[in-house]
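> Structure below; questions to follow.
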Amino acid sequence: MSGRPPAARADGHSLGQHFLRSAGVAARLVADAAIVPTDTVVDLGAGSGALTTAIADCGARVLAVEIDRALSAGLAQRCAGRSNITLFSCDVLTFPLPSTPYRVLANVPFSRTSAIVHRLLDDPMGALVRADLVVQWQVARSRAQSGCGAALDLVGAQWGPWWTFGRGRRLPRRLFRPSPAVDAAVLTISRRVPPLLPETCAADYVAFVRANFARAHTRRDLAGWVRGFRRG
């Protein structure tokens, strides 16, 4: 990625941002994610801070990332004096992720969902433990299905040895400002313990999947990919 992308307008449209209307909804998402005071939680695309403050209210340490300067300034005022919130005014795709165990709870910009998920999952050597991401309903539904025995797509085959996927709460479009064209849902991503393959095998395994996926007559299940890699 080259250069700094344009900052989002206040309505969030330039980055596909849709802000939660209710602090109550944010609090329920924090409860669903089972955030505890000992967690370090990254809020990617913090916006006006609905999730940031809800996470902080339960005692966790929050790293809130927001590229829009106006939103970032407003969030800094809103969170002034809260020692467990650290604000970063930068791009979520270049923000240096923690090197010690951390979680993500974020209402991510819909237009950047794919790039953000790749940033979090492509390198299983990172310190991510779990991510709960508010995404478009169909994105959460399809990714959760591929984690429950459905035919894998290419990225599902690549991520599967280290990550599991689930679908959490459905969020009707009326809960957001501005309202998106479709409902949203929480996509839950958890690190496998133990993993199906050592994290140090990731580069070789991904190369194996990419080299063989297009030639497969059917999309094999995850166990088939892992067995094939081990045989190879």
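> Rg and Dmax of segment 144-212, using alpha carbons, in Å: what are they?
15.6, 44
> State the three equivalent ellipsoid semi-axes of segment 82-140, derived from the C-alpha gyration tensor as the square roots of 5 times its eigenvalues, in descending order and whole Å.
The three semi-axes for segment 82-140 are 19, 15, 12 Å.
> How much of the accessible area of the chain, in percent, comes from carbon and sulfur atoms when a 1.4 Å probe is used?
Values: 5880 of 10950 Å².
C and S atoms contribute 54 percent here.
> Right, here's the next one. How large is the helix-only mean residue ellipticity at 222 nm for the chain, computed as the sum of -39500 (n - 2.57) over DSSP H runs with n ≥ 4, divided by its residue count, in deg cm²/dmol to the nearest 500? Before the final figure, lay out the partial values.
Numbers: 8 runs with 75 residues, N = 232.
Using -39500 (n - 2.57) per qualifying helix, the result is -9500 deg cm²/dmol.
> Taking +1 at the Cβ of each Lys and Arg and -1 at the Cβ of each Asp and Glu, which of GLY228, GLN158, LEU97 sits farthest along the dipole of the chain towards its positive end, judged by Cα position relative to the Cα centre?
GLY228
> Within a Cβ distance under 10 Å of ARG21, other residues only, what is the Lys/Arg minus Asp/Glu net charge?
Cβ neighbours under 10 Å give a net charge of +2.
> From the square roots a ≥ b ≥ c of the eigenvalues of the alpha-carbon gyration tensor of segment 81-186, which class results: rounded (a/c under 1.5), prolate (a/b over b/c), or oblate?
Numbers: a/c = 1.94, a/b = 1.10, b/c = 1.76.
It is oblate, given that a/c is not under 1.5 and a/b is not larger than b/c.
> Further, regarding this structure: Out of every Cα pair in the chain, what percent are spaced more than 22 Å from each other?
Value for the chain (Cα pairs over 22 Å): 53 percent.
> Count the net charge of all other residues whose Cβ sits under 14 Å from the Cβ of ARG227, scoring Lys and Arg as +1 and Asp and Glu as -1.
+2
The values are calculated or read from the model by the stated rules, or taken from the named source; none is laboratory data. Small disclaimer: the values here were computed from a predicted structure and weren't measured. When we count neighbours, we look across all protein chains shown, and the Cβ atoms used for this are built from the backbone with ideal geometry, even at glycine. Calculation scope for accessible area: heavy atoms of the full protein, side chains included, ligands and nucleic acids excluded. Shrake-Rupley method; radii C 1.70, N 1.55, O 1.52, S 1.80 Å.
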